[in-house]
Amino acid sequence: MPFAIMAGIMKFLKKAMDSFTREAQWILIGLASAAVICVLGVILTTCSRDRHVEEDETAPPPPEEDLLAPVRPEPDQFRVNTYMPNRREGETSGSIELGTFSPGRDLVYVDDERVWWESDNDKGDTEDDHSMHQAMVLPLRRLIEMVAGNSATLKVQDAYRPSGVHSRRSLHLEGRALDLTCDDLGLEKLAKLCWAAGFDWVYYESKAGGPHVHVSVQRTQKNGSSVAAK
């Protein structure tokens, strides 16, 4: 279409030149030149837009973030009966709120053959240690990869517990806490990896239920690590 317009302008200009005075001819040439420049501008703009659209349609998607990479460096040490960050669990992961908690909505089932799950091995255990809050999934996935990368086996000793051995304010009642061990690494190394994996609160505990690493998360996670866990 732009080329047809240009051809029409040139045809009109050729006929008109014979009937106008020299001054009028120069004016006509100026007007025709301006029209040609406008048409060329439209052509170039259209071609550029079409090229960008084609590039957008064929451009590969941006690479996905490596969700299994550590989100923090390992601490230099993690002594027994200490926790990170250096404040209470309720201040970091948030207190329990059973009034807004819904097992059917908030809990998910997690499985990985590289993990030793206590409920799969303890015949007297009536709970399911695969069941946990959905906010727990991403940091746990990171931890599984990190432990496996150290040629070790992560053990999940306790997860969601609606009743029983824990206090009435325990985050286990919402599935937002896990008790972990690892025979092949040692608990201090496991605690360091838990912190690097992005759990909001990590406690290397020896007082209740035997030595283990207790981890917990906030209800809402962003990229597997909440704002409070810095």
Simple spin-label estimate for S151 and D125 in nanometres, 7 Å along Cα-Cβ: 2.7
Simple spin-label estimate for L68 and T100 in nanometres, 7 Å along Cα-Cβ: 3.3
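Bear in mind that the values in this text are calculations on the coordinates, not laboratory data. These numbers come from a predicted model, not from an experiment. When we count neighbours, we look across all protein chains shown, and the Cβ atoms used for this are built from the backbone with ideal geometry, even at glycine.
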